[in-house]
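Participant: Dropping the structure in here first, questions after.
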Amino acid sequence: MRRKIVAGNWKLNTTLQEGIKLASSVNDLVAKGLPENVDVIVAPPFTHLAGIKKVLTEKIGLAAQNCAAEPSGALTGEVSASMIRSAGAEYVIIGHSERRIYFNESDLEVAGKVKLALENDLKPIFCCGEKLHEREKLIYTEVIKKQLEYGLFDLDEEKLKNVIIAYEPVWAIGTGKNATSEQAQEMHQYIRHLVEEKYSTRTAEEQVILYGGSCKPSNAPELFANKDVDGGLIGGASLSAKDFYGIINSF
């Protein structure tokens, strides 16, 4: 049975003190119990990683929100995969739609980051997804296929086992449009099909695929009921320990 995962991406939010308080609140709620087979991850800003690692219990994993495309060098302001690992993180989000859109990260750059993460014993949470105009032009499957082919499909089967895929319907985030549960399932199923085509049925069945759209306690049960949706990469709702725990308990 595939592991279920709920990962909270805090984005550009919280001071260190606020982050430690939020992490402690998540700790307290998770201590009350988790649904069977569910893993919890939090992804605070870089400045919080080492401090939050000290307060997290072993039930909660720690992720960075990005990593540099180079292992080291004269790159002021960048944070390398090895630095992230040394701060105690086990995961790193790579290729998030906001990185692709606002920071012009290419598929090839994302692919390089995936390999650096794996080389440093970090598990990538690899994001893929289509924009509104790509969905309206009905080319969204082509977009997803290209992102996977460039970003992941150079990996061998064993390395892919350490990657979590997150599907982001970029067209449904902050646009006033909503992705239905059926649309989420369609895309997760398609991604699993692409993994099967490239690798094997077994690898596809074992691949964890998260939903990275607007996920809240109110719609999480319907989304997570889909057979190919293995959890969520949660944005705004992860900034409330109560809402985040509500999503965790949606399984």
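The values are calculated or read from the model by the stated rules, or taken from the named source; none is laboratory data. Note that this is a predicted model, so its numbers are computed, not measured. Reconstructed Cβ throughout: ideal geometry from the backbone, glycine too, with neighbour counts over all protein chains shown.
Participant: So which pairs qualify, if the first residue must be in the stretch 52-63 and more than 11 Å from residue 91 (Cα to Cα), the second must be among the acidic types (Asp, Glu), the Cβ gap must be under 9 Å, and the two must be at least 6 apart or on different chains?
Facilitator: That search, which allows pairs on different chains as well, returns 59/39; 60/39.
Participant: Right, here's the next one. Suppose we keep only residues that are modelled with pLDDT under 95 and in a loop (DSSP other than H, G, I, E, B) within the stretch 171-199. Which one would you say is surrounded by the fewest Cβ atoms within 10 Å (Cβ to Cβ)?
Facilitator: Here the answer is 176.
Participant: Another question, if that's okay. For the stretch 224-251, name all the residues that are surrounded by fewer than 19 Cβ atoms within 10 Å (Cβ to Cβ) and in contact (Cβ under 8 Å) with a residue 60 or more places away in the chain.
Facilitator: Once the filter is applied, which keeps residues that are surrounded by fewer than 19 Cβ atoms within 10 Å (Cβ to Cβ) and in contact (Cβ under 8 Å) with a residue 60 or more places away in the chain, the stretch 224-251 yields 239, 242, 249, 251.
Participant: Also, quick follow-up: Kindly indicate whether any position in the stretch 226-246 is within 27 Å of residue 136 (Cβ to Cβ) and among the hydroxyl-bearing types (Ser, Thr, Tyr).
Facilitator: No, there is no match, as no residue in the stretch 226-246 is within 27 Å of residue 136 (Cβ to Cβ) and among the hydroxyl-bearing types (Ser, Thr, Tyr).
Participant: Give the residues of the stretch 200-218 that are under 20 Å from residue 125 (Cβ atoms), of a type in the set (Ser, Thr, Tyr) and at pLDDT 95 or above, sorted by residue number. Write out each step before concluding.
Facilitator: Here is the first cut: in the stretch 200-218, the ones under 20 Å from residue 125 (Cβ atoms) are 203-216.
Next, from what is left, pick out any that are of a type in the set (Ser, Thr, Tyr): 203, 211, 214.
Of everything in the stretch 200-218, those that are under 20 Å from residue 125 (Cβ atoms), of a type in the set (Ser, Thr, Tyr) and at pLDDT 95 or above turn out to be 203, 211.
Participant: If residue 215 meets every condition in (1) farther than 30 Å from residue 19 by Cα; (2) part of a loop (DSSP other than H, G, I, E, B); (3) among the hydrophobic types (A, V, I, L, M, F, W, C); (4) in contact with a Gly (Cβ under 8 Å, 6 or more places away or on another chain) apart from one, which number is that one?
Facilitator: Here residue 215 meets the rest and fails (1).
Participant: So, in the stretch 200-212, exactly how many residues are assigned to a loop (DSSP other than H, G, I, E, B) and aliphatic (A, V, I, L, M)? Explain how you work it out, then say what you get.
Facilitator: Keep residues of the stretch 200-212 that are assigned to a loop (DSSP other than H, G, I, E, B), which gives 200, 207-208, 212.
Within this subset, residues satisfying the condition of being aliphatic (A, V, I, L, M) are 208.
Qualifying residue count for the region: 1.
Participant: Please determine, by comparing only the residues of the stretch 42-88 that are among the charged types (D, E, K, R) and closer than 16 Å to residue 7 by Cβ, which one is surrounded by the most Cβ atoms within 10 Å (Cβ to Cβ). Spell out the reasoning first.
Facilitator: Looking only at the stretch 42-88, we keep the residues that are among the charged types (D, E, K, R), and these are 53-54, 58-59, 70, 78, 85.
Next, from what is left, pick out any that are closer than 16 Å to residue 7 by Cβ: 53, 59.
Working: 53: 16, 59: 14.
Going through the qualifying residues, I end up with 53.
Participant: Exactly one condition in (1) over 15 Å from the mean Cα position of the chain (by Cα); (2) surrounded by fewer than 19 Cβ atoms within 10 Å (Cβ to Cβ); (3) of a type in the set (D, E, K, R); (4) at pLDDT 95 or above is false for residue 99; which is it?
Facilitator: Looking at each condition in turn, residue 99 falls short on (1).
One line per residue, one yes/no per condition, for (1) at pLDDT below 95; (2) part of a loop (DSSP other than H, G, I, E, B); (3) in contact with a strand residue (DSSP E or B) (Cβ under 6 Å, 6 or more places away or on another chain):
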{"site": "51", "(1), (2), (3)": "no, no, no"}
{"site": "63", "(1), (2), (3)": "no, no, yes"}
{"site": "68", "(1), (2), (3)": "no, yes, no"}
{"site": "76", "(1), (2), (3)": "no, yes, no"}
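Participant: Let me ask something additional. Suppose the filter is surrounded by fewer than 17 Cβ atoms within 10 Å (Cβ to Cβ) and free of Cβ contacts under 8 Å to residues at least 40 places away in the same chain; does residue 221 pass it? Can you show your working first?
Facilitator: On the way: surrounded by fewer than 17 Cβ atoms within 10 Å (Cβ to Cβ): yes; free of Cβ contacts under 8 Å to residues at least 40 places away in the same chain: yes.
Yes.
Participant: What pairs come up if the first residue lies in the stretch 13-38 and is closer than 16 Å to residue 243 by Cβ, the second is hydroxyl-bearing (Ser, Thr, Tyr), and their beta carbons are under 6 Å apart, counting only those six or more places apart or on different chains?
Facilitator: That search, which allows pairs on different chains as well, returns 27/57; 29/245.
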